[in-house]
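A.B. asks: Dropping a structure here in structure tokens format, bear with me for questions.
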Amino acid sequence: MASAIKEIFQRAFEAFPLEVEALPPMTLRSGAAVDGYDDPPLHDSAADIPTDSYLEQYAYAELPHLDAASWRHSLTRLIDYALRNIRNSTSGAMVLEAYWVPNALYRSGSFK
């Protein structure tokens, strides 16, 4: 199973190499501002590091506000987070719900 998870993770990064390396037009933190009817802040290298706590704070309600390139940029980090936390959904259940594909695979029994 660990090799399957590594393969999924690697394939996600290979699918969107340009988006992974580029600064996204809109960050998850920017999506939070839009969700709150505020102007989105510009990318901030210190504030927009995609750590687990950043994803747990911003991923759930903010994903629908991202443009396609920003969504693809965030997707690889969400896949990584989901695969690392899929069995422990209490730590970041909202992130797993935000990125539903691994969650759906888990519920179908593919990761058990």
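A.B. asks: For the condition assigned to a helix (DSSP H, G or I) and either in contact with a helix residue (DSSP H, G or I) (Cβ under 6 Å, 6 or more places away or on another chain) or charged (D, E, K, R) (or both), what is the one hit in Leu55, Leu18, Leu78?
C.D. replies: Sole residue among the options that is assigned to a helix (DSSP H, G or I) and either in contact with a helix residue (DSSP H, G or I) (Cβ under 6 Å, 6 or more places away or on another chain) or charged (D, E, K, R) (or both): Leu55.
A.B. asks: Taking Ala104, is it closer than 26 Å to Ile5 by Cα, within 14 Å of the chain's Cα centre (by Cα), at pLDDT below 85 and part of a helix (DSSP H, G or I)?
C.D. replies: No; evaluated as a whole, the condition is false for this residue.
A.B. asks: Here's something else I'd like to know. Hey, can you tell me all the residues within region 1-15 that are part of a helix (DSSP H, G or I) and of a type in the set (A, V, I, L, M, F, W, C)?
C.D. replies: Passing the criteria: Ala2, Ala4, Ile5, Ile8, Phe9, Ala12, Phe13, Ala15.
A.B. asks: Across region 70-81, which residue is surrounded by the most Cβ atoms within 10 Å (Cβ to Cβ) among those that are over 8 Å from the mean Cα position of the chain (by Cα) and over 18 Å from Asp35 (Cα atoms)?
C.D. replies: Among those that are over 8 Å from the mean Cα position of the chain (by Cα) and over 18 Å from Asp35 (Cα atoms), it is His73.
A.B. asks: Enumerate the pairs (first residue in region 25-40 and without any contact (Cβ under 8 Å) to a residue 40 or more places away in the chain; second residue anywhere and acidic (Asp, Glu) and part of a loop (DSSP other than H, G, I, E, B)) with beta-carbon separation below 7 Å, excluding pairs fewer than 6 apart on the same chain, so at least 6 apart or on different chains.
C.D. replies: Close Cβ pairs satisfying both conditions: Arg29/Asp48; Ala33/Asp39.
A.B. asks: Give me the residue from region 21-52 that is assigned to a helix (DSSP H, G or I) and of a type in the set (Asp, Glu) and, out of that set, nearest to His73 (Cα to Cα).
C.D. replies: This residue is Glu21.
A.B. asks: Follow-up question, since we're still on this one. Among Ala59, Ala22, Ala47, which is farther than 15 Å from Asn85 by Cα, of a type outside the set (Ser, Thr, Tyr) and surrounded by 13 or more Cβ atoms within 10 Å (Cβ to Cβ)?
C.D. replies: The match here is Ala22.
The values are calculated or read from the model by the stated rules, or taken from the named source; none is laboratory data. Just so it is clear, the structure is predicted and the values come from calculations on it, not from any experiment. Cβ: placed from backbone, ideal geometry, glycine included. Neighbour counts: every protein chain shown.
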